[in-house]
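Since the structure comes first, as structure tokens, the remarks are kept for the end.
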Amino acid sequence: MPSDEFGLRCTVPILQKKLPERYHRVRALDYDANLHLLATLSHSYDPATERFAVPSRSQAASLSLWDSSAFRLKRTFRLPHHEENVSLARNQDMHLYANGSQNHITFLDERDKQVTSIPAPDHQLNPGVRSLSFYEDILTIGGGRGKVAFYDIRAFKYLERNSFTDQPWSVCYLCAGRGYLRQDLTYMEHYTGQSLPENAVYTHCYDSSHRRLFTAGGPHQAGLFGNYAAIWQ
């Protein structure tokens with residue numbers, strides 16, 4: 001097979017599966033190789049207006065589970081929150097999925113089909129949950145304005161800290177730094193004289209020891225170009 005300029009071999013799909021037309025875009029995937037289980041997060045989309053449709057009951061954003069060995073649809077969950085569904089993670093031991101939307105995190109138990117939601121951390125200021133990952137009982141959450149939070153799924157609460165003895169406990173955050181932002185014409189016209197936009201945490205992962213966390217992303221605002229990466233220990 002031909003190779004590209006980086007020396008990577010190009011392949012073609014062995015099998016393709018097209019979702020129903022109402023699920024115009026697949027926003028996230030999760031694959032369990034042991035169970036041959038593929039999860040797809042999809043959302044209604046109107047290509048004429050280039051906007052996500054306000055879903056009716058039959059058009060709600062959905063999480064679908066597929067048997068990847070036969071590419072057969074096993075089950076579909078309708079999601080209760082429809083805006084900015086772009087992140088997905090799975091806890092293999094608990095058979096639990098987490099889905100991040102604009103203002104909520106939704107948990108889906110694939111065994112008993114239970115669907116529950118909690119408010120996203122700092123949801124009034126944070127434009128969407130952008131990345132999720134599980135490690136044992138802790139869900140790590142990357143936000144749209146540069147904050148990383150942690151949720152204990154057994155204690156049903158966000159991890160907290162108390163910075164001052166006379167202040168109440170608050171959600172523990174890691175906060176992204178400035179990174180790189182291209183100061184082009186869009187920036188000059190709309191952001192000159194303002195504080196620099198926060199970097200959304202679009203992806204994150206732990207190393208094998210689970211003692212170091214890698215986070216990366218860039219500006220959330222449309223039209224801005226930049227990037228950010230950090231390692232936390």
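The values are calculated or read from the model by the stated rules, or taken from the named source; none is laboratory data. Every value quoted in this text rests on a predicted model; they were computed, and no experiment measured them. Only protein heavy atoms, including side chains, enter the accessible area calculation; ligands, DNA and RNA are left aside. Shrake-Rupley method; radii C 1.70, N 1.55, O 1.52, S 1.80 Å.
Keeping all protein chains in position, work out how much accessible area Lys74 exposes to a 1.4 Å probe, and write it in Å² to the nearest 10.
Answer for Lys74: close to 120 Å² accessible.
Using θ = phi - 60° and the Karplus curve 6.51 cos²θ - 1.76 cosθ + 1.60, what whole-Hz ³J(HN,Hα) does each residue of region 141-155 get, with Gly and Pro shown as x?
10, x, x, x, 10, x, 10, 10, 10, 9, 10, 8, 6, 8, 8
To the nearest 10 Å², what's Arg72's accessible area with a 1.4 Å probe?
Taking all protein chains as shown, Arg72 has close to 130 Å².
In whole Hz, what ³J(HN,Hα) sequence does region 175-192 give by Karplus (6.51, -1.76, 1.60; θ = phi - 60°), x for Gly and Pro?
10, 5, x, 6, x, 10, 9, 6, 8, 8, 4, 4, 5, 5, 6, 10, 10, 4
Give the long-range amide H neighbours of Ser101: residues separated by 5 or more places, or on another chain, with amide H under 5 Å away, using H modelled in the peptide plane at 1.01 Å from N.
Amide H to amide H, under 5 Å and 5 or more residues apart or across chains, Ser101 pairs with Thr106, Val129.
Amide H of Tyr202: which non-local residues (sequence gap of 5 or more, or other chain) have their own amide H closer than 5 Å, using H built in the peptide plane?
Ala216, Gly217, Gly218
Explain nothing, just compute: Karplus ³J(HN,Hα) = 6.51 cos²θ - 1.76 cosθ + 1.60, θ = phi - 60°, for every residue of region 216-233 in order, whole Hz, x for Gly and Pro.
8, x, x, x, 7, 5, 5, x, 9, 10, x, 7, 7, 8, 7, 10, 10, 9
Please list, ordered by chain and number, the residues whose modelled amide H lies under 5 Å from the amide H of Ser68; skip anything fewer than 5 residues away on the same chain.
Leu37, Leu38
Please calculate the 1.4 Å probe accessible area of Tyr97, with all protein chains present, and give it to the nearest 10 Å².
0 Å²
Under a cut-off of 26 Å between alpha-carbon atoms, report the lysines in cross-link reach of Lys113, not counting same-chain residues fewer than 8 places apart.
Filter leaves Lys17, Lys18, Lys74, Lys157.
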